[in-house]
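The values are calculated or read from the model by the stated rules, or taken from the named source; none is laboratory data. If you're wondering where the values come from, they're calculated on a predicted model, not measured in any experiment. Please note: Cβ atoms are built from the backbone with ideal geometry, for glycine as well, and neighbour counts cover all protein chains shown.
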Amino acid sequence: MVKQKLRKYELIYIVQPEATEEERERVSSRIDAVVEQFEARVLKREDWGKRKLAYEIRKFNKGFYSYAVLLGRPGLTQEIERVLRMIDSVIRFITIKLEDGIDPDAEIVIDDSPAVREHKALDFDEEMDDDA
């Protein structure tokens, strides 16, 4: 049997500022249900809290931001987006494909520590200096 390659996705969604903790948890559990249904994995999840929006969306100036990195098969994001469209408290969302063709048996490690980010930034600065 041929194993289907996986994709890594980034999901960011914004929930209305009046939403209770219970409502925000309900949105998260709906996403978890889709992830489980597609036999995918949540690699990273962050709650960014209540922030001011760049522009008004549906008469809201603020919203609760949530971030997740997902690993799954094609079709996962379409179902997640369908579910998010049906939830009234979600005012905006975006999914981005980060990587394609990931081996399902490979061990996935996300290292987003500050030291790693700083090292990557230094490497980028050095590359920029070479081009000048």
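Surrounded by fewer than 14 Cβ atoms within 10 Å (Cβ to Cβ) and either of a type in the set (Ser, Thr, Tyr) or touching a Pro at 6+ places or on another chain (Cβ under 6 Å) (or both): does that describe TYR9?
Numbers: surrounded by fewer than 14 Cβ atoms within 10 Å (Cβ to Cβ): no; either of a type in the set (Ser, Thr, Tyr) or touching a Pro at 6+ places or on another chain (Cβ under 6 Å) (or both): yes.
Answer is no for this residue.
If a residue has to be assigned to a strand (DSSP E or B) and among the aliphatic types (A, V, I, L, M) to count, how many in the range 83-103 make the cut? Walk me through it before giving the result.
Taking the range 83-103 as the starting set, the residues that turn out to be assigned to a strand (DSSP E or B) are 90-102.
Retained after the next criterion (residues that are among the aliphatic types (A, V, I, L, M)): 90-91, 94, 96, 98, 102.
Number satisfying all stated conditions: 6.
Tally time: how many residues in the range 27-42 are of a type outside the set (A, V, I, L, M) and touching a residue at least 60 places away in the same chain (Cβ under 8 Å)? Give the steps one after another, and end with the answer.
Quick first cut of the range 27-42, residues of a type outside the set (A, V, I, L, M) only: 28-30, 32, 36-39, 41.
Within this subset, residues satisfying the condition of being touching a residue at least 60 places away in the same chain (Cβ under 8 Å) are 41.
Result for the range 27-42: 1.
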Practice task
Might you check whether a residue that is free of Cβ contacts under 8 Å to residues at least 40 places away in the same chain, outside any helix (DSSP H, G or I) and touching a Ser or Thr at 6+ places or on another chain (Cβ under 6 Å) occurs anywhere in the range 53-63?
Solution key: no
Handout entry: Flag if ASP103 is more than 28 Å from ARG24 (Cβ to Cβ), in contact with a strand residue (DSSP E or B) (Cβ under 9 Å, 6 or more places away or on another chain) and at pLDDT 70 or above
Key = yes
Fill in the blank from the handout: Over the range 1-31, the set of residues of a type in the set (Asp, Glu) and under 13 Å from the mean Cα position of the chain (by Cα) is GLU10
Handout entry: Per-region count, the range 58-71, residues under 18 Å from VAL27 (Cβ atoms) and within 13 Å of the chain's Cα centre (by Cα)
Key = 6
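With respect to GLU46, is the statement that it is at pLDDT below 95 and either out of contact with any helix residue (DSSP H, G or I) (no Cβ under 8 Å at 6 or more places or on another chain) or more than 15 Å from GLN16 (Cβ to Cβ) (or both) true? Talk me through it step by step, then tell me what you get.
Details: at pLDDT below 95: no; either out of contact with any helix residue (DSSP H, G or I) (no Cβ under 8 Å at 6 or more places or on another chain) or more than 15 Å from GLN16 (Cβ to Cβ) (or both): yes.
So GLU46 fails the test.
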Exercise for the section: From GLU22, GLU10, grab the single residue that is among the charged types (D, E, K, R), farther than 17 Å from ILE102 by Cα and out of contact with any helix residue (DSSP H, G or I) (no Cβ under 9 Å at 6 or more places or on another chain). Expected result: GLU22
Fill in the blank from the handout: Note on the range 12-33: residues in a helix (DSSP H, G or I) and either surrounded by fewer than 20 Cβ atoms within 10 Å (Cβ to Cβ) or not β-branched (Val, Ile, Thr) (or both) are GLU21, GLU22, GLU23, ARG24, GLU25, ARG26, SER28, SER29, ARG30, ASP32, ALA33
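Restricted to the range 51-73, and to residues that are among the basic types (Lys, Arg) and loosely packed, with under 12 Cβ neighbours inside 10 Å, which residue is modelled with the highest pLDDT? Outline the logic, then answer.
Here is the first cut: in the range 51-73, the ones among the basic types (Lys, Arg) are 51-52, 58-59, 62, 73.
Going one step further and asking which of them are loosely packed, with under 12 Cβ neighbours inside 10 Å, we end up with 52, 58-59.
On the way: LYS52: 96, ARG58: 92, LYS59: 93.
Looking at the filtered set, the residue picked out is LYS52.
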